[in-house]
1. Apply the Karplus curve 6.51 cos²θ - 1.76 cosθ + 1.60, θ = phi - 60°, to the phi angles in region 70-79 and return the couplings in whole Hz, x for Gly and Pro.
2. What distance in nm lies between label points placed 7 Å from Cα along the C-beta direction at residue 69 and residue 127?
3. What is the extension gain from residue 110 to residue 7, computed as 0.36 nm multiplied by their sequence separation minus the C-alpha to C-alpha distance, in nm to one decimal?
4. Translational D (Stokes-Einstein, µm²/s) of the chain at 20 °C and 1.002 mPa s when Rh comes from the Kirkwood sum over C-alpha pairs?
5. What order do you get for 37-43, 154-160 when each peptide is scored by the mean count of other beta carbon atoms within 10 Å, highest first?
6. Helix 42-59 versus the longest principal axis of the chain: what angle, 0 to 90°, nearest 10, using Cα atoms?
7. Where the accessible area of the chain is counted over protein heavy atoms with a 1.4 Å probe, how much of it, in %, is carbon and sulfur?
Amino acid sequence: MTLTDEDLIDQMAHGQQEALRELHARYAPYLYSMGRRMLRDQGDTESCVQDAFLNAWKAAVRFDRRLASAKTWLVTIAHRRFLQALRDRPDTSLPIEEWDAPTAAADPTDTLLAQKAVEVLDVGERQLIELAYYQGHSHAEVAELTGLPLGTVKTRLRSALARMKIHLGGD
């Protein structure tokens, strides 16, 4: 007959090392993969999993199967150990990803050219461009604000952008 995980913890509470070996065989791979995702370092992960089982061995007398399953109890012990390992790491700066890098301020010449391109538009097109691109409204929000159908907003914006591009000398 195979003992349940909870029975193994009961045996550990009475000093049965074989119960610890069996529980380790059942859960070490699971805890290792969990730790690997959190810590991303093989050595730290192995050390933390060992510490988690050592902590489980020491705390087995306090395990209460009415409060949690053995798996939940072990995962909690390991998770706390992984978090402690993360806290114990020295602060290291992370490289700035390309998407997170600071952006340069707009070139004043570009800003002036954009303003001149907007001036070639009629009042209605200019309003749509200002709402969508300068104020950051979505096409649906622009349609709601202006009372125009969504398709009309999209068509007029596309047309306005094409006129601006021609004014700027684009193809």
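The values are calculated or read from the model by the stated rules, or taken from the named source; none is laboratory data. Bear in mind that the values here come from a model prediction, so they are computed numbers and not experimental data. Using ideal geometry, Cβ is built from the backbone for each residue, glycine included, and neighbour counts are taken over all protein chains shown. Surface areas here come from the heavy atoms of the whole protein model, side chains and all, with no ligands, DNA or RNA. Shrake-Rupley method; radii C 1.70, N 1.55, O 1.52, S 1.80 Å.
1. 4, 4, 4, 4, 5, 4, 5, 4, 5, 4
2. About 6.2 nm separates the two model spin labels.
3. On the way: separation 103, 0.36 × 103 = 37.08 nm, distance 7.31 nm.
Gain on stretching residue 110 to residue 7: 29.8 nm.
4. Values: Rh = 22.0 Å.
Translational D for this selection: 98 µm²/s.
5. Working: 37-43: 12.9, 154-160: 16.1.
Answer by packing, highest mean first, reads 154-160, 37-43.
6. That helix lies at roughly 50 degrees to the long axis.
7. Working: 6270 of 11850 Å².
For the chain, the apolar C and S fraction of the accessible surface comes to 53 percent.
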